[in-house]
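To start, the structure itself, in structure tokens.
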Amino acid sequence: MTEPRLQRRTFVSLLASVPLLSSTAARALAVPATPRVSRIAATPTREVEVTRWQGVGRRKGTIAFSPGFGSSPRFYPDFIQAWTQGGYDVLAPLHADSREYPQPGAFTGPAVWATRIEDMRAVARMIDGRYIAAGHSFGAGGALVLGGAAAVVPAGIEGLLADERVTAVLAFSPPPPSPMLISEAGYAALARPALIQTGTRDLLPSAKDDPQSWRAHFTAFARSAPSRGHYGLVLDGVDHYFGGLICDPSRQGPDQRAALKLAIGASLAFLDRHGSGSKRVDAGPAFPVDPAARFYLR
């Protein structure tokens with residue numbers, strides 16, 4: 001396929017382009033099941049709220065999920081329900097950039113990236129053994145970094161950003177390359193099996209008049225090192241929010257429930273193949289077959 005064009009924006013404009021949830025939207029959804037909410041130390045001076053949903057039936061693994069900028073874990077009910085029903089525990093932090101964070105606006109600019117790294121490290125400390133890193137939008141970038149992608153290290157952060165315990169990565173509409181976050185070469189360092197998704201209506205806020213600007217969200221796949229473990233998924237007609245079904249319910253668009261079902265099915269197929277960290281290379285995931293879904297392998 002044609003490789004995505006690089007769309008460069010500064011880190012600040014990247015964050016500014018993502019709308020925060022309105023208070024009305026924040027009350028619109030609730031994730032399924034009964035989660036357990038904990039407050040743990042992210043740093044010596046800051047706590048993070050982590051929500052945990054327990055998997056149903058035979059336990060297959062644990063997913064550490066990072067929501068998109070301005071969002072919160074409960075705005076991804078369909079993903080969480082499917083993963084828990086599939087036997088996965090799901091842990092997700094309330095990041096400091098969330099509209100629901102107790103001190104909104106306390107962190108801005110590159111400090112937001114630092115707090116997200118701290119949050120995911122705190123979540124990882126709650127997990128015994130290996131786990132899957134997952135995320136949407138800004139959170140997808142963080143998940144890819146946990147899987148080996150080489151990002152810019154913000155001030156105040158020490159040590160490796162990648163976690164050797166990560167077995168696989170689920171990245172839904174990850175950020176385009178940005179000089180303040182991650183470069184094309186940084187995405188090429190991805191070291192774990194990954195499923196990377198975007199849609200043909202997932203246009204950059206700074207390039208909405210360019211019908212091909214969605215390809216910037218696919219850079220993480222297009223620049224990943226060839227292997228039998230990096231999968232790309234492009235969903236026709238899908239935008240950044242699946243028509244308001246994830247991240248921000250105020251971002252309504254055409255009905256994309258069928259496409260969301262495809263994305264969820266693809267994630268489960270990928271997890272069945274790569275979630276345990278298996279080294280098997282005999283067969284790829286049994287991805288759903290649909291004319292609206294295009295799968296690629298590197």
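Out of all the residues in the range 37-85, which are of a type outside the set (A, V, I, L, M), part of a loop (DSSP other than H, G, I, E, B) and surrounded by fewer than 20 Cβ atoms within 10 Å (Cβ to Cβ)?
Pro44, Thr45, Gln54, Gly55, Gly57, Arg58, Arg59, Lys60
Residue pairs, Cβ under 6 Å, 6 or more apart or interchain, first in the range 234-253 and closer than 20 Å to Ser213 by Cα and touching a residue at least 60 places away in the same chain (Cβ under 8 Å), second crowded, with 22+ Cβ neighbours inside 10 Å and of a type in the set (D, E, K, R). List them.
His240/Asp202
Going through the range 102-150 one residue at a time, which ones are modelled with pLDDT of 95 or more and of a type in the set (Phe, Trp, Tyr)?
Trp113, Tyr131, Phe138 - these are the residues of the range 102-150 that are modelled with pLDDT of 95 or more and of a type in the set (Phe, Trp, Tyr).
Based on this model, can you work out whether Leu91 counts as farther than 25 Å from Ser224 by Cβ, modelled with pLDDT of 95 or more, outside any helix (DSSP H, G or I) and not acidic (Asp, Glu)?
yes
Among Thr108, Thr115, Thr84, which is the only one that is among the β-branched types (Val, Ile, Thr), over 14 Å from the mean Cα position of the chain (by Cα) and under 16 Å from Ser267 (Cα atoms)?
Testing whether each residue is among the β-branched types (Val, Ile, Thr), over 14 Å from the mean Cα position of the chain (by Cα) and under 16 Å from Ser267 (Cα atoms) leaves just Thr84.
Conditions tested, residue by residue: (1) modelled with pLDDT of 95 or more; (2) within 26 Å of Thr108 (Cα to Cα); (3) aliphatic (A, V, I, L, M).
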position	(1), (2), (3)
Ile157	yes, yes, yes
Asp163	yes, yes, no
Ser183	yes, yes, no
Ala189	yes, no, yes
Arg201	yes, no, no
Ser206	no, yes, no
Arg223	yes, no, no
Arg228	no, no, no
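Filter the range 129-165 down to residues that are more than 18 Å from the chain's Cα centre (by Cα) and under 20 Å from Thr43 (Cα atoms) and give me whichever is surrounded by the fewest Cβ atoms within 10 Å (Cβ to Cβ).
Glu158
Just need a number here: residues in the range 167-193 that are out of contact with any Ser or Thr (no Cβ under 7 Å at 6 or more places or on another chain) and among the aliphatic types (A, V, I, L, M).
8
Considering each residue of the range 149-206, count those that are among the hydroxyl-bearing types (Ser, Thr, Tyr) and within 22 Å of Val123 (Cβ to Cβ), and give that number.
2
Just need a number here: residues in the range 30-55 that are out of contact with any strand residue (DSSP E or B) (no Cβ under 9 Å at 6 or more places or on another chain) and in contact (Cβ under 8 Å) with a residue 24 or more places away in the chain.
Adding up the residues that qualify gives 3.
The values are calculated or read from the model by the stated rules, or taken from the named source; none is laboratory data. Only a predicted model underlies this, so the values are computations on that prediction, with no experimental measurement involved. Cβ sites come from the backbone with ideal geometry, for glycine too, and all protein chains shown count toward neighbours.
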